[in-house]
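> One structure is given below, represented as structure tokens, and several questions about it will come after.
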Amino acid sequence: FESGILAGLHLVVTAGPTREAIDPVRYISNHSSGKMGYAIAAAARDAGARVTLISGPVTIQAPERVNLEKVESARDMLEAALEHISSCQIFVAAAAVADYRPLNVANQKIKKSGDSMDLTMIKNPDVVATVAQHEQRPFTVGFAAETQAVEDYARGKLENKNLDMIVANDVSRDDIGFNSDHNAATVLWSDGQQSFDSMSKDTMARQLIELIAHRYQQYTKK
Ligand code: C5P
């Protein structure tokens, strides 16, 4: 893409999984690799943006020349996001945030006792929806990983979460998506959509940044 298409802008991206503590040694998490969010951070940097990468625990290297903020839980991620909300123009939520967390975090390691144990979970805050509802909201882009009726569910999330764009991908395919180096997606916005065939996450990130920059320009004209 043309370099400099995001010059002068601050883009915040969330990436990776979150970890929700059960006790001092255990947590609930997911298999998100962080690859898509990290690729978006690098592509946005190459497009001239100042980039803040809010990342859950991952094993991949952070791109150079981005401001990395490491977080653990969904609530940490929300707090980090809210810190930047009024200074960023574009917010991209690529993180796989845990929907629920254990209601109580034990102070000490939970001891093995009966044949079963119950864990009560409580809903986490929705990071991207909270950002998109904010008074000084940035142009907000979410992701939707679905296994069926991908575009229908994604369009529902676009509306419910008050997003400007959503990147929908089919995670029932094992050649793309979660943990893979490749991805295919359909990007939806209020009055349009664009599909990306299977390609590397780096290539997709660059194309997404180009599309996001274009839609952002339309948005600021309104
Ligand atoms: O509702 P669902 O989890 O499918 O929505 C996915 C989108 O919402 C992603 O952009 C994800 O980063 C974001 N999300 C979030 N906070 C949550 C749950 C999801 O920011 N608690």
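The values are calculated or read from the model by the stated rules, or taken from the named source; none is laboratory data. What you are looking at is a predicted structure, and each value in this text was computed from that prediction instead of being measured. All Cβ positions, even for glycine, are placed from backbone atoms using ideal geometry, and neighbour counts span all protein chains on display. Surface areas here come from the heavy atoms of the whole protein model, side chains and all, with no ligands, DNA or RNA. Shrake-Rupley method; radii C 1.70, N 1.55, O 1.52, S 1.80 Å.
> Can you report the number of residues in the range 189-213 which are open to solvent by less than 80 Å² (accessible area, probe 1.4 Å) and touching a Leu at 6+ places or on another chain (Cβ under 9 Å)? Reasoning before the result, please.
Residues of the range 189-213 that are open to solvent by less than 80 Å² (accessible area, probe 1.4 Å), as a first pass: 189, 192, 194-196, 198-201, 203-205, 207-209, 211-213.
This time we only want the ones that are touching a Leu at 6+ places or on another chain (Cβ under 9 Å), so: 189, 194, 196, 209, 212-213.
Of the residues in the range 189-213, 6 are open to solvent by less than 80 Å² (accessible area, probe 1.4 Å) and touching a Leu at 6+ places or on another chain (Cβ under 9 Å).
> Now for a separate question. How many residues are closer than 30 Å to residue 110 by Cα and surrounded by fewer than 19 Cβ atoms within 10 Å (Cβ to Cβ) when one looks only at the range 28-56?
Qualifying residue count for the region: 4.
> Right, another one. From the list 153, 216, which residue is part of a helix (DSSP H, G or I), surrounded by 12 or more Cβ atoms within 10 Å (Cβ to Cβ), at pLDDT 95 or above and away from the ligand (no atom under 13 Å from the Cβ)?
216
> Can you pull out every residue in the range 100-113 that is more than 28 Å from residue 33 (Cβ to Cβ) and open to solvent by 100 Å² or more (accessible area, probe 1.4 Å)?
104, 107, 108, 109, 111, 112, 113
> Could you tell me which numbered condition residue 116 fails, if it satisfies all but one of (1) within 14 Å of the chain's Cα centre (by Cα); (2) open to solvent by 80 Å² or more (accessible area, probe 1.4 Å); (3) not acidic (Asp, Glu)?
That leaves (1) as the condition not met.
Each row is one residue, and each column tells you yes or no for (1) farther than 30 Å from residue 218 by Cβ; (2) open to solvent by 50 Å² or more (accessible area, probe 1.4 Å); (3) away from the ligand (no atom under 16 Å from the Cβ).
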{"residue": "82", "(1), (2), (3)": "no, yes, no"}
{"residue": "86", "(1), (2), (3)": "no, yes, yes"}
{"residue": "90", "(1), (2), (3)": "no, no, no"}
{"residue": "98", "(1), (2), (3)": "yes, no, no"}
{"residue": "121", "(1), (2), (3)": "yes, yes, no"}
{"residue": "128", "(1), (2), (3)": "no, no, no"}
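> Applying the selection to the range 132-150, what residues are surrounded by fewer than 13 Cβ atoms within 10 Å (Cβ to Cβ) and either touching a strand residue (DSSP E or B) at 6+ places or on another chain (Cβ under 8 Å) or over 24 Å from residue 220 (Cα atoms) (or both)?
147, 148, 149
> Okay, next question. Which ones in the range 130-150 are in contact (Cβ under 8 Å) with a residue 60 or more places away in the chain and more than 9 Å from the ligand (Cβ to nearest atom)?
138, 139 - these are the residues of the range 130-150 that are in contact (Cβ under 8 Å) with a residue 60 or more places away in the chain and more than 9 Å from the ligand (Cβ to nearest atom).
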